[in-house]
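Structure record follows, encoded as C-alpha cells.
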Amino acid sequence: MRPRALAVLVPAHNEEALLPAALDAIRTAAHHPVLRRIPVVTVVAADACSDGTVAASLRAGARTVRTDGGNVGLARAAAAERALEILGGPARVWFASTDADSTVPPRWLAFQYARAVEGWDAVVGTVDVGRWPQPVPGLAARHERQYTATRPARGPWHHPHVHGANLGVSADAYTAVGGFPPVPVSEDHGLVDALDAAGRRVLRTADCPVTTSGRLNPRARGGFGDHLAGLTLEDSPAC
C-alpha cells in the first residue's frame, strides 16, 4: 500500500510538561523529504486531563479529542477515530502511534511510510530510554540486559516487545481487527495480538527506535514505566 496520508496518534494524561517535545519531534518527522506530498495529521487524545495538555496540543498545531475515561485504550482509539473523520475514512491511511512522554526520530514517519509501501500491515518498533529520572544503581544496565536478551549477535532482531510509543498500522488492517481494545493497559499488545491472529503481515524491527521517558511514576499503571519501576526491586517480565 502506498499511503495517501499519515495520522499520528498520541494519548496524553496530564502531559503538559513533556507533550511539547513529543509534538516538536513529530513535526520534524512529518517534514521529512520523503513525505513532502503526503499529508500528516497529528491527533492528541487528552484523557482525563486537569492541566494544560489541551492548550499545549493546540499551540503545537495538533488536532485534539477529549476523553474522560482514564483509559489509554479508549484514548488511543479515540485519536484513531478522530483521524479517520479528518481524513475521510481508512482507505490508504497509515496510523503511527507514539506517546506523550516520547520523542520520535526525524526519519520515524518516513521509515513507517516505506514499510507500508513494502506491503507490511503493521510495524512494531522498540524504544530507548532517554534519561533516567533518578540514580538507581544498576537500573539502566539491568533494563538493557533484560530488554535485549533475545537480540542475536548478527542479523535483524525480530524482538518480542510491543510499545504504543513506537507502533504503526494500516488503517484498513486496524479497523478489520477491531482497533485498540478498550483496556486501561496493554491496548498495544491487544491490537498486535489481533493482527497476528488475523494473519496480517506484522514487522517487528529495532531499526528505528523511539526515545521514551525513564520516569518511574508513569501515567498508565501496568505499562512500561511500571516495568522500569519493578526493575528497581527485582527482575520483571519484559514489556
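Details
- Taking the convex hull of the alpha carbon positions in the chain and averaging its projected area over all directions gives 12.3 nm².
- Residue-wise HN-Hα couplings along the stretch 53-63, as the Karplus relation 6.51 cos²θ - 1.76 cosθ + 1.60 with θ = phi - 60° gives them from phi, are 4, 5, 4, 5, 4, 5, 4, 7, x, 7, 6 Hz; Gly and Pro carry x.
- The stretch 138-212 - accessible surface per residue (Å², probe 1.4 Å): 46
- Among the trypsin sites (Lys or Arg not before Pro) in the stretch 103-198, those located in a DSSP loop and surrounded by at most 12 other Cβ atoms within 10 Å of their own Cβ are ARG131, ARG154.
- At R0 = 35 Å, FRET efficiency that the Cβ-Cβ distance of ALA149 and ARG66 yields, to 0.05: 0.30
- Label-point separation in nm, ARG4 to TRP157, each point 7 Å along Cα→Cβ: 3.8
- The alpha carbon convex hull volume per residue for the stretch 27-146 rounds to 153 Å³.
- Spin-label pair ASP196-LEU35: with each label point 7 Å from Cα along the Cα-Cβ axis, the two points sit 2.8 nm from one another.
- Whole-Hz Karplus values for the stretch 6-22 come out as 10, 10, 9, 10, 9, x, 8, 10, 6, 10, 4, 6, 9, 4, x, 5, 4 Hz, taken residue by residue from phi with 6.51 cos²θ - 1.76 cosθ + 1.60 and θ = phi - 60°; glycine and proline positions read x.
- The stretch 127-183 - Rg (one decimal) and Dmax (whole number), Cα, Å: 16.0, 46
- For the stretch 196-215, the residues whose backbone nitrogen is under 12 Å from a point 7 Å from the Cα of GLU118, taken along Cα to Cβ, are 202-208.
- Relative contact order of the stretch 6-56: 65 percent, from C-alpha pairs under 8 Å at least 6 residues apart in sequence.
- Chain lengthening between ASP207 and ASP24 when straightened (0.36 nm per residue, less Cα-Cα): 63.7 nm
- Residues whose amide H comes within less than 5 Å of that of THR42, counting only those at least five positions distant or on another chain, are VAL8, ARG63 (H built at 1.01 Å from N in the peptide plane).
The values are calculated or read from the model by the stated rules, or taken from the named source; none is laboratory data. Keep in mind that what you see is a predicted model, and the values were worked out from it rather than measured. As a convention, Cβ positions derive from the backbone with ideal geometry for all residues, glycine included, and neighbour counts pool all protein chains shown. To get the accessible areas, we keep the full protein, side chains included, count just its heavy atoms, and leave off ligands, DNA and RNA. Shrake-Rupley method; radii C 1.70, N 1.55, O 1.52, S 1.80 Å.
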